[in-house]
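Visitor: Take this structure first; my questions come after.
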Amino acid sequence: MTTSTLSTISTNPVPVIPPYATMLGFTRYVSRTGPAKATFVGGLRRQRERRSGFNPHGQLVKALKADIAFRTGGSYLGGVVDLVKDRWKPLYESLRAGARAYLASLGDPEQLTLIQTRDALASVGPLAVKINPHFGLRFADGHREAVRLHFDEEPPSPELVTAMLHLMARHMEQILPDADPVLVDLRRGVTHRLNPATRPGDVESWLAGEAAAFTAMWSATASPAA
């Protein structure tokens, strides 16, 4: 092997991909136990390495937001199934009834305004986590909510609910000042809110430990150098 070849190898190391997760990815991780945690983290890292990922729910979120913004009582949700590709129609049909139930639970459309939220980048222990609600709501009495939607077939676990609401609450000044965090299980039309009995310090310690383990697993699943 020539000196120039050695120089090329030494000056072109494999790129280091720092630990990172979206709020959805991290809260799904904390819901898992045992070896499933490492498998899940490895999958997230491979997605990041490939820069892959597709959100199949985008059109549904747009339809729900349109019905809120234009006070149309679910007409956009009614038509959205016809707008998506055939492969996504069963998914949208399974979500539509719950989305309509959630919309109805909000009360008088005239007393409700759709408002924009901002994403936040959180440090959870050694881990960077992107906090990204779907939208915000302002009610006639001035009350505001930052809303994150849950689309999975299974209801959100207590761990996922606690982690997601805590992360949003901790960064609410960046997301939507003076708002309350809300997680909506869209398939079932069920709204989850912070449990006032939960102690934030306990949740913070728990999440920091989970984040440290996530970071260690992320490093352990690094792809070997070519």
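Visitor: Which one of Thr198, Thr215 is over 25 Å from Val61 (Cβ atoms) and outside any helix (DSSP H, G or I)?
Guide: Working: Thr215 fails: outside any helix (DSSP H, G or I).
Result of the check over Thr198, Thr215: Thr198.
Visitor: If you don't mind, there's one more thing I want to ask. For the condition touching a strand residue (DSSP E or B) at 6+ places or on another chain (Cβ under 7 Å) and free of Cβ contacts under 8 Å to residues at least 60 places away in the same chain, what is the one hit in Asp178, Asp185, Asp202?
Guide: The unique qualifying residue is Asp178.
Visitor: Would you mind stating whether Glu210 is surrounded by fewer than 19 Cβ atoms within 10 Å (Cβ to Cβ) and either under 27 Å from Ala38 (Cα atoms) or touching a Phe, Trp or Tyr at 6+ places or on another chain (Cβ under 7 Å) (or both)?
Guide: No.
Visitor: Oh, and also: Of everything in the range 124-153, what is open to solvent by 40 Å² or more (accessible area, probe 1.4 Å), in contact (Cβ under 8 Å) with a residue 60 or more places away in the chain and either among the aromatic types (Phe, Trp, Tyr) or not in a loop (DSSP other than H, G, I, E, B) (or both)? Give them in sequence order.
Guide: Lys130 - this is the single residue of the range 124-153 that is open to solvent by 40 Å² or more (accessible area, probe 1.4 Å), in contact (Cβ under 8 Å) with a residue 60 or more places away in the chain and either among the aromatic types (Phe, Trp, Tyr) or not in a loop (DSSP other than H, G, I, E, B) (or both).
Visitor: So which residues in the range 85-137 are among the basic types (Lys, Arg) and within 19 Å of the chain's Cα centre (by Cα)?
Guide: Scanning the range 85-137 gives Arg118, Lys130.
Visitor: Looking at Arg71, Arg45, which one is modelled with pLDDT of 85 or more, of a type outside the set (A, V, I, L, M) and more than 30 Å from Asp108 (Cβ to Cβ)?
Guide: Exactly one of Arg71, Arg45 is modelled with pLDDT of 85 or more, of a type outside the set (A, V, I, L, M) and more than 30 Å from Asp108 (Cβ to Cβ), namely Arg45.
Visitor: Kindly indicate whether Gly125 is at positive phi and not polar (S, T, N, Q).
Guide: It is true that Gly125 is at positive phi and not polar (S, T, N, Q).
Visitor: State whether one or more residues within the range 44-52 are within 30 Å of Glu159 (Cβ to Cβ), out of contact with any Cys (no Cβ under 6 Å at 6 or more places or on another chain) and assigned to a loop (DSSP other than H, G, I, E, B).
Guide: The answer is yes, given that some residue of the range 44-52 is within 30 Å of Glu159 (Cβ to Cβ), out of contact with any Cys (no Cβ under 6 Å at 6 or more places or on another chain) and assigned to a loop (DSSP other than H, G, I, E, B).
Visitor: Going by the structure shown, is Ala120 farther than 23 Å from Arg187 by Cβ, among the small types (Gly, Ala, Ser) and touching a helix residue (DSSP H, G or I) at 6+ places or on another chain (Cβ under 6 Å)?
Guide: So Ala120 passes the test.
The values are calculated or read from the model by the stated rules, or taken from the named source; none is laboratory data. Since we're looking at a predicted model, the values are computed, not measured. Virtual Cβ from ideal backbone geometry, glycine too; neighbours counted across all protein chains shown. Calculation scope for accessible area: heavy atoms of the full protein, side chains included, ligands and nucleic acids excluded. Shrake-Rupley method; radii C 1.70, N 1.55, O 1.52, S 1.80 Å.
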